[in-house]
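Notes follow the structure.
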Amino acid sequence: MELKIYKDKAEVAKYFAIYLKELIRTNDKLTIALSGGSTPKVIFDYIAENFNDLDWSKVFLYWGDERCVPPTHEQSNYLMTVEHLISKIDMPKENIFRVLGEECPNEEAKRYAMVLNETLEIEHDIPQFDLVILGMGDDGHTASIFPHEINLWDAAESCVVATHPESAQKRVSITGKIINNAKQVAFLVTGASKAEKVDEIINTAEVSKNYPAALVKPTSGNLYWFLDEDAAKKIK
């Protein structure tokens, strides 16, 4: 695990973008599972504004989780990515593999698992991303694996249907075996509301075993936490 702590969300965006630029530059092909949330939005804006000269034909985009809404819905992770990144760069349409949030959740989870199996490299008999980007909620959830459904982390399936604990909204999410099989995993966590959970996870507090984010332990050993000072302020 490597901690990368920056002044604020803007600096996190800048230095994560530089990290991503180097991955794109040094790889012939790069498969990425994207995250939703406010921090990726800032990062996408930074990349689109500063790195539009990258060879996006080498990059293949997937989603680590998606809300079960149409692609035009304001809560769609796909729509957010289109608005803040895809619409501003030159990326072949065939390089984009979105979760069909408008379809039956159970059927879509099965379909997307097949997409991963058919389009990604296979390592340890599991589809392998080059990079999985993760956020973390105030409750310690990551992707769309929530504490009340932490058992989904160890599901045999590559993708599952999760339920938001408050809204009951259905979501399609990749599972722990996919996340921990990635070549690299990067957390993007900003804001003071995340500080307590970050501290508990980083310092392996007993309570952290109840947080899906604490189960992120890629077999590659390549785990990076991109944090702002507010999110990192309680780390001992």
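Quick notes on this structure:
- Among the residues of region 124-139, those that are of a type in the set (Asp, Glu) and either surrounded by fewer than 14 Cβ atoms within 10 Å (Cβ to Cβ) or under 30 Å from Pro165 (Cβ atoms) (or both) comprise Asp125, Asp138, Asp139.
- Search result, residues across region 83-106 that are polar (S, T, N, Q) and open to solvent by less than 70 Å² (accessible area, probe 1.4 Å): Asn95
- Pair list, Cβ < 6 Å and 6+ apart or interchain, from region 44-57 residues that are open to solvent by 20 Å² or more (accessible area, probe 1.4 Å) to residues that are among the aliphatic types (A, V, I, L, M): Tyr46/Ala13; Tyr46/Ala17; Asn52/Ile89; Leu54/Ile24
- Residue satisfying condition, being under 23 Å from Leu215 (Cα atoms), in contact with a Cys (Cβ under 6 Å, 6 or more places away or on another chain) and surrounded by 18 or more Cβ atoms within 10 Å (Cβ to Cβ), within set Ala162, Ala109: Ala109
- Verdict on Ser144 being modelled with pLDDT of 95 or more, among the hydroxyl-bearing types (Ser, Thr, Tyr) and within 30 Å of Cys104 (Cα to Cα): yes
- Wholly within region 1-116, strands (runs of 3 or more DSSP E) carrying at least 3 residues that are of a type in the set (A, V, I, L, M): 30-34
- Number of the exception - Glu149 against (1) among the acidic types (Asp, Glu); (2) surrounded by 19 or more Cβ atoms within 10 Å (Cβ to Cβ); (3) on the phi > 0 side of the Ramachandran plot: (3)
- Qualifying positions in region 15-38 - modelled with pLDDT of 95 or more, within 21 Å of Ile235 (Cβ to Cβ) and open to solvent by less than 80 Å² (accessible area, probe 1.4 Å): Phe16, Tyr19
- Cβ pairs under 7 Å, 6+ apart, first in region 131-155 and more than 15 Å from Leu188 (Cβ to Cβ), second aliphatic (A, V, I, L, M) and open to solvent by 40 Å² or more (accessible area, probe 1.4 Å): Trp153/Leu215
- Residue list for region 24-46, filter: out of contact with any His (no Cβ under 7 Å at 6 or more places or on another chain) and either farther than 21 Å from Met136 by Cβ or of a type in the set (Lys, Arg) (or both): Ile24, Arg25, Thr26, Asn27, Asp28, Lys29, Leu30, Thr31
- Summed over region 204-236, residues that are at negative phi and open to solvent by less than 70 Å² (accessible area, probe 1.4 Å) total 21.
- Of the helices (runs of 4 or more DSSP H) entirely within region 176-236, those holding at least 1 residues that are under 28 Å from Gln128 (Cα atoms) occupy 176-179, 195-202.
- Taking first residues from region 210-232 that are over 13 Å from Leu3 (Cα atoms) and touching a residue at least 24 places away in the same chain (Cβ under 8 Å) and partners that are of a type in the set (A, V, I, L, M) and open to solvent by 20 Å² or more (accessible area, probe 1.4 Å), the Cβ contacts under 7 Å between residues at least 6 apart in sequence or on separate chains come to Asn210/Ile150; Pro212/Ile150; Asp230/Ala192.
The values are calculated or read from the model by the stated rules, or taken from the named source; none is laboratory data. Just so you know, these numbers come straight off a predicted model, no measurement behind them. Counting neighbours? That spans all protein chains shown, and the Cβs are built from the backbone with ideal geometry, glycine included. The protein model used for the area step is the full one, side chains on, heavy atoms only, and it has no ligands, DNA or RNA in it. Shrake-Rupley method; radii C 1.70, N 1.55, O 1.52, S 1.80 Å.
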